[in-house]
1. Name the pairs: first residue in region 105-134 and over 17 Å from D85 (Cβ atoms) and of a type in the set (V, I, T), second residue part of a strand (DSSP E or B) and open to solvent by 30 Å² or more (accessible area, probe 1.4 Å), Cβ to Cβ under 7 Å, at least 6 apart or on different chains?
2. May I ask you to say which residue of F135, F127 is surrounded by fewer than 21 Cβ atoms within 10 Å (Cβ to Cβ) and closer than 27 Å to L18 by Cβ?
3. Out of (1) out of contact with any helix residue (DSSP H, G or I) (no Cβ under 6 Å at 6 or more places or on another chain); (2) in a loop (DSSP other than H, G, I, E, B); (3) on the phi < 0 side of the Ramachandran plot, what's the single condition that is false for P19?
4. Can you report the number of residues in region 50-80 which are modelled with pLDDT of 95 or more, part of a loop (DSSP other than H, G, I, E, B) and open to solvent by 60 Å² or more (accessible area, probe 1.4 Å)?
5. Do the conditions hold for S165, that is, is it out of contact with any Asp or Glu (no Cβ under 7 Å at 6 or more places or on another chain), modelled with pLDDT of 80 or more, of a type in the set (S, T, Y) and in a strand (DSSP E or B)?
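The values are calculated or read from the model by the stated rules, or taken from the named source; none is laboratory data. Fair warning: this is a prediction, and the values are worked out from it, not measured in the lab. Here the Cβ positions follow ideal geometry from the backbone for every residue, glycine too, while neighbour counts run over all protein chains shown. Please note that ligands, DNA and RNA were not included when accessible areas were found on the heavy atoms of the full protein model with its side chains. Shrake-Rupley method; radii C 1.70, N 1.55, O 1.52, S 1.80 Å.
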Amino acid sequence: ELDTVLSNIGNPWGMEFLPNGDFLLTIQSGELFRVTTDGQKQVVQGVPKVLYKGQGGLLDIEIHPNFEKNGWIYLSYSKPNPSNDAEATTAIHRAKLNGNRLEEGKDIFVAKPYVSTRHHYGSRIEFDREGYLYFSVGDRGRRDDHPQYLTNDCGKIHRIKEDGSIP
């Protein structure tokens, strides 16, 4: 059976169910919504500033395996270079969900290098059974060189601890 949950929401990218049945929905333009079990769409504040161009924007979302105890959520997004508006990269942001607000937000991984292309950010996020966080960073349009070299973060699957430290 097919049922419409939401309409007219832009370009949804990632979705994650919360333990109470609500779900969080990322919209590529940079908005994060909580959709309640009765279908109410609520804006979640505190999302990091995204570069919304081409394939960039607010991308995937994942809740911590112990979300009910710690409230951590993880977002991937296209992060503008703070020193050069023409460049961006893929970043992983961790924050606590408190009602409809993100608090204690911090980027725990920022892929290097920043580049000027606006596509292939990659960016799916998943925890494994041991609690490691895996995520993809796209090749940023340089498939023939970025994935082949360990001197950059692009075109690879990364594994980090929940706080961003290296296992």
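1. Matching pairs, first to second residue: I108/R94.
2. Criteria check complete, one pass: F127.
3. (1)
4. Total meeting the criteria: 2.
5. No: the conditions fail for S165.
Table: residues versus (1) surrounded by 12 or more Cβ atoms within 10 Å (Cβ to Cβ); (2) of a type in the set (K, R).
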residue: K41; (1), (2): yes, yes
residue: D85; (1), (2): no, no
residue: T90; (1), (2): yes, no
residue: G99; (1), (2): no, no
